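Asker: Could you have a look at this structure, given as structure tokens, before my questions?
Every read-out reported here was derived from the displayed coordinates using simple, explicitly stated rules and does not represent laboratory data. Because the structure is predicted, anything quoted here is derived from the model rather than measured. Quick reminder, even Gly has a Cβ in these numbers, built from the backbone with ideal geometry, and neighbours come from all protein chains shown.
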Amino acid sequence: MIYDMRTYDIQVGQVPKYLEAVEKVGLQVRLDHGIKLAGWYYTDIGTLNRVVHIWAYRDYTHFEASRQAVRKDPRWVNEYLPRVKG
């Protein structure tokens with residue numbers, strides 16, 4: 001298993017909107033492509049408006065293939081990305 005950890009700094013006041021987009025669209029798209037959520041954190045103290053995701057993949061082949069599949073998924077392109085841009 002390999003893990004991909006991503007850290008995002010979200011615009012002030014937009015964390016709830018971002019979390020809703022992930023919950024309603026982004027998470028399911030990833031799950032449908034076999035990507036498992038291994039960790040999800042956001043800050044309450046320290047650097048604010050920061051979100052950290054950790055995604056689990058079976059191996060590097062799965063990592064590459066599923067990331068390409070997610071990027072081509074119509075839900076990702078048409079529903080998720082417009083919600084989180086900016």
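Asker: Within the range 1-10, which residues are assigned to a strand (DSSP E or B) and loosely packed, with under 13 Cβ neighbours inside 10 Å? Spell out how you get there, then give the answer.
Answerer: Filtering the range 1-10 down to residues assigned to a strand (DSSP E or B) leaves 2-9.
Selection gives I2, Y3, M5, R6, T7, D9.
Asker: Go through (1) assigned to a helix (DSSP H, G or I); (2) over 11 Å from the mean Cα position of the chain (by Cα) one by one and return the number of the condition W76 breaks.
Answerer: So the condition that W76 fails would be (2).
Asker: Return the total of residues in the range 11-31 being touching a residue at least 40 places away in the same chain (Cβ under 8 Å), farther than 11 Å from R83 by Cβ and either assigned to a helix (DSSP H, G or I) or under 13 Å from the mean Cα position of the chain (by Cα) (or both).
Answerer: The qualifying residues number 3.
Asker: For the range 41-86, which residues satisfy the criterion of being surrounded by 13 or more Cβ atoms within 10 Å (Cβ to Cβ), among the polar types (S, T, N, Q) and under 17 Å from Q11 (Cβ atoms)?
Answerer: Within the range 41-86, T43, N49 meet the criteria.
Asker: Being farther than 13 Å from Y3 by Cα and among the acidic types (D, E) is the requirement here; does D44 meet it?
Answerer: Numbers: farther than 13 Å from Y3 by Cα: yes; among the acidic types (D, E): yes.
Considered against the rule, which asks whether it is farther than 13 Å from Y3 by Cα and among the acidic types (D, E), D44 comes out as yes.
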